[in-house]
Amino acid sequence: MRIWRVSGRDRLGLLVALVAPLALAAILVPFRGSFPNTDAALAMLLVVVAVAANGYRLAGYLAAVSAAVWFDFFLTRPYERFTITRRADIETTILLLVIGVAVTEIAVWGRRQHAAASRRAGYLDGIHAAAQAVATGASPSALIDQVASQLTRVLALESCRFQYGAAGLGRPARMQHDGTVITAQQQPWDVDAEGFPPGTDTELLVEGGGVFQGRFLMTPSPAARPTLEQRLLAVALADQVGAALATSHPVGQG
């Protein structure tokens, strides 16, 4: 059974989504006869935008619904009733709801883009750190440990270890240089949909200077679904190890 976890920031967003439109509508009640209710609708929409900016879809939706409901109840005739008699008020209420939902979706998309950009920056930092280790002549064992740790984090692995001069031993699945994964039976495996093949480790071969050097043997966690971008990053990191081993470590040395 999937357990949903809501962060403190998102819980606050839900509370504001429910309370803020009601509070604003109550504040506007004494002035509702002195300005068009379309102006009130714009003020309510600002609250929805502020909530939606958090990028939490449920909070944005709740804010849009709450704003439409309390706009109807407090700011359209007949007042203090969930009834709208004028067509213009109906259209304004519907637009308030629709625009609130649209703004929420835009904010959610923006939040995802920001998270993706942060992940990519982290990926580049990982590759840069590995390249720096190679350029400065760091020991292969230190680089291997560093890359194994990065692979564990990027691919959400349970463990990752390096073996010199071993390929196919134990008939594991294999991650290829293009990021695809094949089973021990040489069948392609849909990692995006199903994660790594269950019941087996997955190997990532390491080559340097056109010579096989060894493999990273990766034990995936059951829930891991690494994207192609993440798998290609893993290949790039393994290539850094291959480059270091090609110049400083003979093949087959333990």
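Any chance segment 152-168 includes a residue that's at pLDDT 90 or above, within 21 Å of Phe212 (Cα to Cα) and open to solvent by less than 20 Å² (accessible area, probe 1.4 Å)? No, segment 152-168 contains no residue that is at pLDDT 90 or above, within 21 Å of Phe212 (Cα to Cα) and open to solvent by less than 20 Å² (accessible area, probe 1.4 Å).
Residue-wise test of (1) modelled with pLDDT under 85; (2) in a helix (DSSP H, G or I); (3) among the acidic types (Asp, Glu).
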| residue | (1), (2), (3) |
| --- | --- |
| Ile3 | yes, no, no |
| Leu42 | no, yes, no |
| Ala59 | no, yes, no |
| Ala64 | no, yes, no |
| Phe73 | no, yes, no |
| Pro78 | no, no, no |
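Filter segment 175-223 for residues that are aliphatic (A, V, I, L, M), closer than 29 Å to Thr247 by Cβ and surrounded by fewer than 21 Cβ atoms within 10 Å (Cβ to Cβ) and give the result. Once the filter is applied, which keeps residues that are aliphatic (A, V, I, L, M), closer than 29 Å to Thr247 by Cβ and surrounded by fewer than 21 Cβ atoms within 10 Å (Cβ to Cβ), segment 175-223 yields Leu205, Val211, Leu217.
Is there a residue being among the polar types (S, T, N, Q), over 18 Å from Leu28 (Cβ atoms) and without any contact (Cβ under 8 Å) to a residue 60 or more places away in the chain anywhere in segment 74-91? Yes, segment 74-91 contains at least one residue that is among the polar types (S, T, N, Q), over 18 Å from Leu28 (Cβ atoms) and without any contact (Cβ under 8 Å) to a residue 60 or more places away in the chain. Within segment 12-41, the set of residues being open to solvent by 50 Å² or more (accessible area, probe 1.4 Å) and under 15 Å from Leu62 (Cβ atoms) comprises Leu12, Leu15, Val16, Leu18, Val19, Leu22. I'd like to check something: does segment 99-121 contain any residue that is assigned to a helix (DSSP H, G or I), surrounded by 15 or more Cβ atoms within 10 Å (Cβ to Cβ), aliphatic (A, V, I, L, M) and at pLDDT below 85? Within segment 99-121 (the criterion being assigned to a helix (DSSP H, G or I), surrounded by 15 or more Cβ atoms within 10 Å (Cβ to Cβ), aliphatic (A, V, I, L, M) and at pLDDT below 85), the answer is no, since none of the residues qualifies.
Within segment 130-149, the set of residues being at pLDDT below 90 and either within 11 Å of Phe216 (Cβ to Cβ) or assigned to a loop (DSSP other than H, G, I, E, B) (or both) comprises Thr136, Gly137, Ala138, Ser139.
The values are calculated or read from the model by the stated rules, or taken from the named source; none is laboratory data. Predicted, not measured: the structure shown is a model, and the values here were computed from it. Virtual Cβ from ideal backbone geometry, glycine too; neighbours counted across all protein chains shown. Just so you know, the surface numbers come from the protein's heavy atoms only, side chains and all, with ligands and any DNA or RNA stripped out. Shrake-Rupley method; radii C 1.70, N 1.55, O 1.52, S 1.80 Å.
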